[in-house]
Amino acid sequence: VANSCWETPLEMALAGTSFSMVSTLLASSTELSNGLLELQMQLFKAPHTTWPFASESDENKWRDLVPQALHPQRSQLDEVGYRPADWLLHYKCRVMCAVNQSLAWSSRASDALVAHGFDSFGRSYCLTTCVISTVTIVFFFFVFTITNLKIYGWFDVPVSLAEYIPGAFDPLRFTGADFDPSRLKTRLPYRQVRGHFNDSLIPRVLEAGTAFWQGLFGIFCSWFLQHVRIPPEKDPFDEDYLSDDDEPCRDRIRRQSVARAKMVQRLEVGCRLIVMVFLFQWLAVSAFRWDDAALLITIMVVYSLAVAGVAGMTVPQPVPEEARDDDGDFDAARLVCGLFGVQHGPVWTRCITTTRSTATPHRQQGPQARRRQRTARQGAAAKDQSDIFTDDLIKGLVCPTQPMRTSGPPVFSDQFCREFLESGRLHIYHGELFFGQLTYAMITAASMLWLLHLRYNFSGSYAFFFEERTPEQLFSTYGSPGSFYRIFAIFLEVALLFLCAERLYSLSLLVHVAALSVAQRESALEFLKRHPADEHVRDAGKSFDVRETIDRADEYIRCADFTLELSGMRWALLRGPVELVHLFVVLLYISALIIHLAEDMFPFVARLRIDPLVPLCLGNCLVWPLLLLLWNASSANKGVHLLRCSLMTSADMALASTPTEKDKNQDVEYVTLRMRSAEAFRASILRWPEGREVRCLDGIFMAFLAVGANTAMYW
C-alpha cells in the first residue's frame, strides 16, 4: 500500500531510518522477501509465450498482478515502459536509490537489500556486459591469430616492424607504388637511410603537433587496412589478375585496390570518431560517469604524446642534392621502413602470394609431380639466397670511420660480415613479434575488463549505479532488459573497453618493438662473442708487435660496429617515446600508492572517491613490455662493457709484453693503442635521451615499484 507521496512501507521505513522495520518487511514470510521473488515467478510463468500476442484484456491481467503501490507514475512510463517485470525492476531501483543516496543509513541496510536481490538491475547489466565483452574478446583473439598467420606467414618468417610504430607515418603510405614487393629488393636498406637519419634529441615541433591531433582521432590505428590486398606489380599470374589482362588492365586493378584501401581506412576512422562522440556524450551527459570519461581521455592523451614523439623523431634529415642516391622524395615512411624492415633475404609481401589455377598449363599433374616442382623451386630460391652476399656488397659493409689496413695479416672483417648476415641475426622473426602481441593484448584486455566491469561482479557491490541517479535516469540511460536502449548501452560499454584497450595495446606494442630491437642487439653480441674474431683480439695481446695489436683491434671494432649499428639506430629513434611511457608508468604506480595511503590518513580524500585501482590497472598493462625492454637493454650494455674490457685487457697485455727499449714511433703507437682501446664502444652504449645509461637498476626499480603498488592495494 502506498501513501499520498507514492511511497511503500519499505520506502517509509528507509526514510525513517528504522532498520528493525526494514528487517521485518524483508522477512521470509512477506512479499518483499528475496526481491519480490514470488511475484516475479507469477509473472514469468506464461508471458514468454502469450505476452507478444496477448490481447488488451490479457495485458491488463498481467499488469493487475503487480500491486498498485509498485506501479510507476504516468510521467515515468515513457522511461520505464509498460511491462510488469520492468515495473518491479523500477521499484527495486527506487529502494536502492533511496538507501544509497541517504546519508543517514549505514551499509547494514544496503547489505540487507543486496542480500534480497534488490540490486538486480545493476547485477544483470554488469553480468550481461561481462559476458558479451568476454565473447567479443575471445572472437577477436581467434580472428587475430588466424589473420596474422595468413598475412605475415609462419613463426620463422622475418617480418617488418615498421607498421607497429604508431605515429611514424600514415598507414595509407603503404599503398604507394614504391612499397610494391618488386621494389623492396634492396639489401641492407638501413645503410641507405643513414644519411637521412635524424638522431637529434629535440623532435620537430610542427610534425609532432600534427601527429598529436591525428593520434587523438585514431588515424594511426588501422586494423582493417592491412587486410586489403594490393596485387604485386611484377606477377602477371597473381589471383587478382585475369589470364587475358594486359599491363593497363593490371594497373587499373592495382589502382582499384589502392582506392579500396583508402576507403576502408577512412571508413574505419570515421566510424571510430562517430562512436567516440556518442560514447563521450553518453558517459558525461547521460550516465554521469565522469571517471570513465577521464580515463579514456587520459589514455588518448598519453597515446597521442607518444605518437607525437615518434613523429618528431622520424622526420628525415635533408641532404644535399649531389649526395642523394635515391629516386624521388625521401619521407618518414621510407626512413622507418629502411630501419625496421627486413634487411636481406625474401621479403614477406604482407599477404600470401597466390597464383591462379588457370595460370599453369599442366593442371592435370599429380600431387607428387607438383611436390617435386615445388621442392626444385625452393632449392633454387635457397641457392639464390646464399649467393646474395657478393664481394662488392661485403666490402661496402666495413664502417668508414675506421681506417682500412693495407699490410700485415689478411683482414677478417669481410668474412665476419658475410657469416653474420648468413646467420640471420639481423632478422626479427614473426614468432617473437606474434607471441608478444598476443600476450600484451591478453593482459590489456583482461586488465581493462577487470577495471570496468569484472571487479564489480566479483565484489558484489553495484552501489555506483544508484548513488547519483534517479530510477528513471537509470532506465533512460541503461534501458530495461531486452530493450533497444539496453543493447545500445552494452554496445557503448564494449566500445569503451575497445578504445581504452586499443590505445594501451598500441603503447605496449611500441615498447615491444623497442624490446625486440634490443633483443636483436643481444643476439648480435652473442654472435660476436662466439666468433673467432674475438679470439683474434685475445691472441693479439700475446704478440710483441704493437702495430699488429692495433690492426687486430681495429678489425674487431669494425666488426662490432657493424653488428651493433642497426639496433643502435633503432634505439635512437624509439628511446624518446619509450622514456615517455616509462615515466607514465612510474607516475601511475606512485599515484596509486599515494591515493591508497591518503584514503586511510585523510578522510577528505576518501570523500573525493578517487579510485586507486585505475592507475594501478593502467600501470599493469604497460609494465610487462617495459620490464622486458629494460632487462634486454641492461644485458646488451653489459655485453658492450665486456667487449670493451676484453679489448682493454688485450691492449694492456700487449703493452706489458713489449721490450723496454723502444723508439719514438713505438711511443706513438702505444698512445694510439691506449686511446683506441679506451674510447672503443663508448657510442655503442644504450642511453636515455638525457644521456643516462640504461642500467639494471632501472628494471629493478620498476619491478619493486610494481610489486609494491599491487601488494599495498590488495593487502
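The values are calculated or read from the model by the stated rules, or taken from the named source; none is laboratory data. As the structure is a computational prediction, the values presented were derived from the model and not from experiment. When we count neighbours, we look across all protein chains shown, and the Cβ atoms used for this are built from the backbone with ideal geometry, even at glycine. In case anyone asks, the SASA skips ligands and DNA or RNA and just uses the protein heavy atoms, side chains included. Shrake-Rupley method; radii C 1.70, N 1.55, O 1.52, S 1.80 Å.
Strictly over 29 Å apart at the Cα level, which of 234/262; 150/234; 185/638 would you flag in this model?
On the way: 234/262 22 Å; 150/234 22 Å; 185/638 35 Å.
Over 29 Å Cα-Cα: 185/638.
On the accessible surface of the range 81-186, probed at 1.4 Å, how many percent belong to carbon and sulfur atoms? Using a 1.4 Å probe with all protein chains present, the range 81-186 comes out at 68 percent carbon and sulfur. Of the chymotrypsin sites (Phe, Trp or Tyr not before Pro) in the range 132-185, the ones in a loop by DSSP (not H, G, I, E or B) with at most 15 other beta carbons within 10 Å are 154, 155.
Note on residue 116: accessible area is roughly 40 Å² with a 1.4 Å probe, heavy atoms of protein only. Ranked by solvent-accessible area (1.4 Å probe, protein heavy atoms only, all chains present), the residues 563, 134 order from largest to smallest as 134, 563.
Counting residues in the range 84-168 as N, plug N into 2.2 N^0.38 Å and put the Cα Rg over that result. Before the final figure, lay out the partial values.
Details: Rg = 23.9 Å, N = 85, 2.2 N^0.38 = 11.9 Å.
Normalised Cα radius of gyration, the range 84-168: 2.01.
Ranked from the most accessible area to the least, with a 1.4 Å probe and all protein chains present, what is the order of 610, 299? Before the final figure, lay out each step's value.
Numbers: 610 75, 299 5 Å².
In descending accessible area the options line up as 610, 299.
The slack in the chain from residue 205 to residue 526, taken as 0.36 nm per residue of separation less the alpha-carbon distance, amounts to 111.7 nm.
Between residue 423 and residue 301, what FRET efficiency comes out of the Förster formula 1/(1 + (r/R0)^6) with R0 = 45 Å and r the beta carbon distance, rounded to 0.05?
0.55
Of the residues 571, 290, the one with the largest accessible area comes first in the ranking 290, 571, computed with a 1.4 Å probe on protein heavy atoms. Rounded to the nearest 10 square angstrom, residue 274 shows an accessible area of 100 square angstrom against a 1.4 Å probe.
What's the extension gain from residue 277 to residue 610 if we count 0.36 nm per residue and subtract their Cα-Cα distance? List each step's numbers first, then the result.
Numbers: separation 333, 0.36 × 333 = 119.88 nm, distance 2.51 nm.
Taking residue 277 through residue 610 to full extension adds about 117.4 nm, to one decimal.
On average, how much accessible surface per residue is there in the range 453-530, in Å², for a 1.4 Å probe, leaving out ligands, DNA and RNA? The partial results should precede the final answer.
Numbers: 2660 Å² over 78 residues.
Here the per-residue accessible area is 34 Å².
Could you provide, to the nearest whole Å², the per residue accessible area of the range 132-207 with probe 1.4 Å? So the range 132-207 comes to 52 Å² accessible per residue, rounded to a whole number. Rounded to the nearest 10 square angstrom, residue 522 shows an accessible area of 50 square angstrom against a 1.4 Å probe. One chain, two ends: residue 223 and residue 288. Fully extended at 0.36 nm per residue, the span grows by 20.3 nm beyond their Cα-Cα distance.
Under unit Cβ charges (Lys, Arg +1; Asp, Glu -1), what dipole magnitude, rounded to 20 debye, does the range 151-198 have relative to its Cα centre? Don't skip to the end; give the middle numbers.
Values: 6 positive and 5 negative charges, 63 e Å.
Its charge dipole is roughly 300 debye.
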